[in-house]
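Have a look at the structure below, then the notes.
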Amino acid sequence: MTLLTRACAAMAAVLTAAACVASAPGSAAGAPPATASSAGAPAVDDRSSVSPGLTGHRPCAGQPDVTCADLTVPLDREGAVPGTLKLQTAVLGRADAPRGTLLFLTGGPGQPGVPFVPRIRARLPEALAEYRLVMIDQRGTGGQAIDCPALQREVGSSDTVAPTPAAVTACADVLGEKRNLFTTADTVADLEDLRRALGVPSWTLDGVSYGTFTAGRYALTHPQRVRRLVLDSVVPLDGAGVLYEDSLGHSARVLRTACREQRCGFDPARDLAKVVRRDDNGVGVFNLLVIASIIDPKLDDPRFGILNALHASAAGDRARLDALVSGFSAPSDESPADFSAGLHAATLCADSRWPWGDASAPVEGRERALRRAVQRVRPAEVWPFERETAGEQGIARTCLPWPASRPGRAAPGSTLTMPVLLLAGDRDLSTPVRWARELAARTPRAELVVVEGAGHSTQSRSDGGARAARDFLLR
């Protein structure tokens, strides 16, 4: 799942807010760009921080003590499509750090990693005094991001905004046969190449949002290479529910908890139920709440006034809520280098579990299978939304017309055996806390920390999440 970074522009347009702290999963706004400088000596004299398996060592732009370098990997590991990819990496700290190497994986899929080194080092300073930090722009992101202009404009980094079928098929046409080469399994293989290039026998992984899926799949594929694992804002390791039922249903609790804390005096969940049935705007309202659960998880920022906007709309004054919904669903100006909507589609459509089967299923018949799956959803599961919203939101609508492709490969294992910290914000609607609880229940050495009042990406946006990660990493 992904943070909706279109939120800043929407807030400015709708609410004339002066600033926005929304940012990509595992990061925060204000991180300077970290595109590589074109030339220069290594960022530090001590070359033990990097490895000869990485090439083009140079200072990361704006980060003189961080070394950027390139990892060269095959485009197609089966050899059918020729070519290679250069994945930018960033390394902070010495190879002989007391606790070894920490690989931090950002989310999406579609978000780069290197630009967010400043944010991670600011949030985990005590841990990074003991670890060497490594971050990577995963294939299809950053400087070599997949660029699908129409899809990028329509959805940006949103999971929930539904694109047009034309934008989806145009993106698949741009990729052609390469659309099969951006699965999580491909990224897992890239990460194993990175470990070898760094010359480390094992390392610690920390992933946020979709980064939890990548980190978990790596740990299931190479369990002997993982010392410990932090999974923040958990995506189920067998694939997220593409109909978003858990998030839709969790909305009632998030709204009512916020109302109780603010003593609002009405039931916002009932107001929402009335509004979406009257106005047929379930996807737009859900998109608004997902954004809010990230940037304003307690729903108490007076600039937004979401609870009051819902209540007013239910009473007949629709202007405020309609403006919020429209603004947060507006076309995105987010660049592919900041978040690639094309990579997002290619990876999710290959890796997810669909009502019509896997990614190889023909497009014909998918709509019928989706409708049948929606009708099987119990209304109580998704209330205060309607079950039709589950089939109309962006994840389903992106992959419905995506051409038949090679499915992503499953990991060879199913149980994480190393120590695992699971972090969840109790207000998160992007990756609801239920997903973390379910993974904790079947992970022998799991520790679950639910951060009250927090939304998505707890390490980056809540002190409780950062403290829990620090304590676990230094244990």
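Some observations on this one:
- Looking across Leu194, Leu103, one residue alone is among the aliphatic types (A, V, I, L, M) and either part of a loop (DSSP other than H, G, I, E, B) or surrounded by fewer than 23 Cβ atoms within 10 Å (Cβ to Cβ) (or both). It is Leu194.
- Ala361 being buried (at least 17 other Cβ atoms within 10 Å of the Cβ), assigned to a loop (DSSP other than H, G, I, E, B) and not acidic (Asp, Glu): no
- Subset of the stretch 156-176 [in contact with a Gly (Cβ under 6 Å, 6 or more places away or on another chain) and among the charged types (D, E, K, R)]: Asp159
- Residue count for the stretch 89-130, restricted to those that are free of Cβ contacts under 8 Å to residues at least 12 places away in the same chain and of a type outside the set (A, V, I, L, M, F, W, C): 1
- The stretch 299-343, residues that are in a helix (DSSP H, G or I) and either among the β-branched types (Val, Ile, Thr) or surrounded by fewer than 23 Cβ atoms within 10 Å (Cβ to Cβ) (or both): Ile306, Leu307, Asn308, Ala312, Ala314, Ala319, Arg320, Asp322, Ala323, Val325, Ser326, Gly327
- In the stretch 223-232 there is at least one residue matching the filter, namely being assigned to a strand (DSSP E or B), charged (D, E, K, R) and either touching a Gly at 6+ places or on another chain (Cβ under 8 Å) or farther than 22 Å from Ala469 by Cα (or both).
- Lone unmet requirement of (1) at pLDDT below 95; (2) among the charged types (D, E, K, R); (3) within 22 Å of Ser251 (Cα to Cα) for Arg406: (3)
- Only one of the listed residues (Thr389, Thr415, Thr398, Thr431) is assigned to a loop (DSSP other than H, G, I, E, B) and surrounded by 17 or more Cβ atoms within 10 Å (Cβ to Cβ). That residue is Thr431.
- When residues in the stretch 131-155 are screened for being more than 25 Å from Ala90 (Cα to Cα), in contact (Cβ under 8 Å) with a residue 24 or more places away in the chain and either assigned to a loop (DSSP other than H, G, I, E, B) or out of contact with any Gly (no Cβ under 9 Å at 6 or more places or on another chain) (or both), 3 of them pass.
- Test: residue in the stretch 265-278 that is closer than 16 Å to Trp383 by Cα, assigned to a loop (DSSP other than H, G, I, E, B) and under 23 Å from the mean Cα position of the chain (by Cα): no
The values are calculated or read from the model by the stated rules, or taken from the named source; none is laboratory data. These numbers were taken from a predicted model, which means no experiment stands behind them. Cβ coordinates were reconstructed from backbone atoms using ideal geometry, including for glycine residues, and neighbour counts include every protein chain displayed.
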